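Single-structure report; data block below.
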Amino acid sequence: MAYRSLIFFAILTLLFAACDSSQRSGSSVKDRNLARADSVLALMTLDEKIGQMTLYTTDWGSTGPTIREGYEEDIRQGRCGATFNSHTVAFTRRLQEIAVNESRLGIPLIFGFDVIHGYKTIFPIPLAEACSWDLEAIELSAAIAAREAAAAGLHWTFAPMVDISREPRWGRVMEGAGEDPYLGSLIARARVRGFQGDGFDNADRLVACIKHFAGYGAPIAGRDYNTVDMSERTFRDLYLPPYLAGIDEGALTVMTSFNDLDGIPATANPWLLRKILRQENKFDGFVVTDYTSINEMVNHGYAADDQHAGELAVNAGVDMDMQGAIFQNHLKQLVEEGKVLEKTIDDAVRRILRVKFELGLFDDPFKFCNEEREKTNIFSEDHLKAARDVARKSVVLLKNDQNTLPLSAKTSVALIGPLAADRDNLIGPWSGSGDGQQCTSVLDAFKERAAQSGFILTHAKGCDVLGDDRSGFAEALRIGRQADVIVAVVGENRDLSGEAAARGDIGLPGIQEELVRQLVATGKPVVVVLMNGRPLTIPWMADHAAAIVEAWWLGTQAGPAIADILYGDYNPSGKLVMTFPRHVGQIPIFYNEKSTGRPYDPDSKWNSKYLDMPNAPQYPFGFGLSYTTFAYDAPAVDKRTFTLNDSVHISVKVTNTGSRAGEEIVQLYVRDLVGSVTRPVKELKGFEKIMLQPGQSKDVSFKLTAADLAFHTADMRFTAEPGKFWVMTGPNSRDLHSIEIELVD
Ligand code: NOJ
């Protein structure tokens, strides 16, 4: 028997009998697993319990995965119950064998990893995927990521990241779903469904982790890890909903954030972890810290030393310590000194063991270790096809003067820019086990098309993403002048976004804009393809480029997807989920702002505006063009007044007025005209993606109930207030038609 611990098996057998009877009596799977967890708990020493609350990373050496000797011994001694960054079947099997065959109780390990937008087949970065507004595609992308990762022995992903952010300087916006709580909540749900599916019976799903709880997306000045300070109302109305949506969808774990919130670090914040998470929202999974965030409370000036930090974290509701070794080093003493109750430890361990039971690891610790699946389920044709599909849907067309795009298959093209032939950056940050060299670059994809269609294709790099070497400009300009159209692929290197990658200036880095200016000066039409992980400030290009395609980092299939868009095989349909400022001085900038007492008026000095730039962004939330055009009629409603228990149906007729079939994301916004607290000038409340043939019209309908209009009122009740509302429909958050309705008591 590979699974050594016979005593353990005996106990489990007894337990199964108990479970059987509880099954007959109709208790839930969760209750049964909690009962099973309790039976294991009863066998454990305090040290072993603390071991279950300890999570360590493993490393990746040049020849494959490695583990520090000390951690391996910790697993053997029952001092470590989970690892992360340990992947591949061979490696996870090796560690699992130590845990189940060499530790006293043989409790299986859980293996976590940051599977954020793919494991080996890399999908677009989450911010890009969110621009598809396509919940099914997003769910599928998460499901494929889970399928591949689970085939590599993994059980748990540190995703989805659901932090709302209005801060494009913050590098981690690339990992989230943008600035809007409504869309962000739907995407959080889709990602949790994709990762966890209906459970782990087939060992092809991962436990999801909602992160970073909470408010991590609002660091002051956009600097990663920085202080977060906002009113409770703003927090509850705008930042909290996606976390709660993910939890409601069944995510089994939550990760705390590095930041402090109103002075209390999130990792020791009982208001967040006990009140909001467990009491108000009945979260019953386990809470893991972010990397060493317990230890960091000493730097925060919130804990006197490591032991004090551990006491604060566990008493606030943290169940598992990621990498900090604080629980391992201090928790026992804290219990012995009476500063932490053993019951607190038991509750945490029960929750962790329950997840291990949900995964089926006690029944078969090697359930996710299947060499055959590892060969067939990763980087398959199907997965690549899905990645290309999502990549095309994630692209946002920002500008297209005089129908520069799509390109004709006969036009000669000069493909220029530091990212045109690049593969390594296409996978973006947090790219799992992805390998940039397995991506198809834009140049690769264009070469394939040129070979098929016979158009002349030339290529020059021009310059690097960073630095000031202009020696490549001459060649770039030479080929640019000879071509019919210039395609300039520019943007950020992937390490310019992501964790610890805040930027104070979010323009195009290096001398890339200078290159684009010189290309535009040739008089040839310049199509700018942007690759980046955050909104960029591009006012000059917005005025002078012939076309701008926001391609983000689209993953393994980036090149083919971009070529599909540029040649019109796919008509772009993505819409921005974060506002693009004109200038960094406008940040924070977001569509759902308040009116103020002196709303913007270009003709008056004494109102809320800048002297040296407009208030309006470069591109608003929800914006994105198509190769066709759409006309919107004014919205119609089935009634002008409705009551708290009633609903209003809104319909809007949308017509494809261009000459190509295309998809359009029809958006619904609401403004609450008078409230017990001031209300945003618009809030997204619905959307629908429709496909229209040329000349075709569709009536898109939405239903609004009073619940959709709820917010935290002056007395902090979450409810809708009677009064007048504007209902607005249109193609983005700026260009809207409105109609007034009234909610009556
Ligand atoms: C730190 C990051 O903030 C978090 O998102 C990630 O999951 C952990 N490191 C583990 O890699």
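Some values worked out for this structure:
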read-out	value
Close pairs (8 angstrom Cβ cut-off, 6 or more residues apart or separate chains): farther than 10 Å from P265 by Cα in the range 286-304, assigned to a loop (DSSP other than H, G, I, E, B) and more than 15 Å from the ligand (Cβ to nearest atom) anywhere	F286/L252; F286/D319; V287/G317; V287/D319; V288/D319; V298/A304; V298/D305
In the range 510-556, the residues that are open to solvent by 10 Å² or more (accessible area, probe 1.4 Å) and closer than 15 Å to L466 by Cα	G510, I511, E513, E514
Flag for A188 being assigned to a helix (DSSP H, G or I), within 16 Å of the ligand (Cβ to nearest atom) and within 23 Å of P535 (Cα to Cα)	yes
Among (1) under 23 Å from S165 (Cα atoms); (2) of a type in the set (K, R); (3) away from the ligand (no atom under 16 Å from the Cβ), the one test that R274 misses	(1)
Among residues of the range 153-184, those that are in a loop (DSSP other than H, G, I, E, B), under 13 Å from the mean Cα position of the chain (by Cα), within 16 Å of the ligand (Cβ to nearest atom) and not polar (S, T, N, Q), counted	8
Looking only at the range 238-279, and only at residues there that are in a loop (DSSP other than H, G, I, E, B) and over 20 Å from the mean Cα position of the chain (by Cα), the one that is surrounded by the fewest Cβ atoms within 10 Å (Cβ to Cβ)	G263
Residues within the range 286-312 that are more than 16 Å from the ligand (Cβ to nearest atom) and more than 18 Å from N329 (Cα to Cα), tallied	2
Counted residues, the range 106-118 - those being within 16 Å of the ligand (Cβ to nearest atom) and open to solvent by less than 10 Å² (accessible area, probe 1.4 Å)	6
Pick from the range 8-50, criterion of a type in the set (G, A, S) and at pLDDT 95 or above, ranking: nearest to the chain's Cα centre (by Cα)	A37
Answer residue from the range 682-725, given it is in contact with a Lys or Arg (Cβ under 6 Å, 6 or more places away or on another chain) and closer than 21 Å to S647 by Cβ and is least open to solvent (accessible area, probe 1.4 Å) among those	K682
So G472, is it free of Cβ contacts under 8 Å to residues at least 40 places away in the same chain and within 22 Å of G510 (Cβ to Cβ)	yes
The lone exception for L536 - which of (1) of a type outside the set (D, E, K, R); (2) under 21 Å from Y216 (Cα atoms); (3) touching a Lys or Arg at 6+ places or on another chain (Cβ under 9 Å) it fails	(3)
Count of residues meeting criterion [farther than 30 Å from G574 by Cα and touching a residue at least 12 places away in the same chain (Cβ under 8 Å)] in the range 687-718	6
Candidates A143, A128, A149 - the one that is part of a helix (DSSP H, G or I) and open to solvent by 10 Å² or more (accessible area, probe 1.4 Å)	A143
Residue among G222, G197 that is of a type in the set (G, A, S), under 29 Å from L109 (Cα atoms) and away from the ligand (no atom under 14 Å from the Cβ)	G197
Given (1) more than 16 Å from the ligand (Cβ to nearest atom); (2) open to solvent by less than 40 Å² (accessible area, probe 1.4 Å); (3) in contact with a strand residue (DSSP E or B) (Cβ under 7 Å, 6 or more places away or on another chain), number of the condition F235 does not satisfy	(3)
So Y610, is it within 24 Å of E550 (Cβ to Cβ) and among the hydroxyl-bearing types (S, T, Y)	no
Candidates G310, G338 - the one that is modelled with pLDDT of 95 or more, in contact with a Leu (Cβ under 7 Å, 6 or more places away or on another chain) and more than 29 Å from R94 (Cα to Cα)	G310
Residue match in the range 431-447 (condition: away from the ligand (no atom under 16 Å from the Cβ), open to solvent by less than 20 Å² (accessible area, probe 1.4 Å) and hydroxyl-bearing (S, T, Y))	yes
Per-region count, the range 94-105, residues touching an Asp or Glu at 6+ places or on another chain (Cβ under 9 Å) and either open to solvent by 60 Å² or more (accessible area, probe 1.4 Å) or among the polar types (S, T, N, Q) (or both)	2
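The values are calculated or read from the model by the stated rules, or taken from the named source; none is laboratory data. For clarity, every value in this text was computed on a predicted model and none was experimentally measured. Here Cβ is always computed from backbone atoms with ideal geometry, including for glycine, and neighbour counts include all displayed protein chains. We work out accessible area using only protein heavy atoms, side chains counted, and drop any ligands, DNA or RNA first. Shrake-Rupley method; radii C 1.70, N 1.55, O 1.52, S 1.80 Å.
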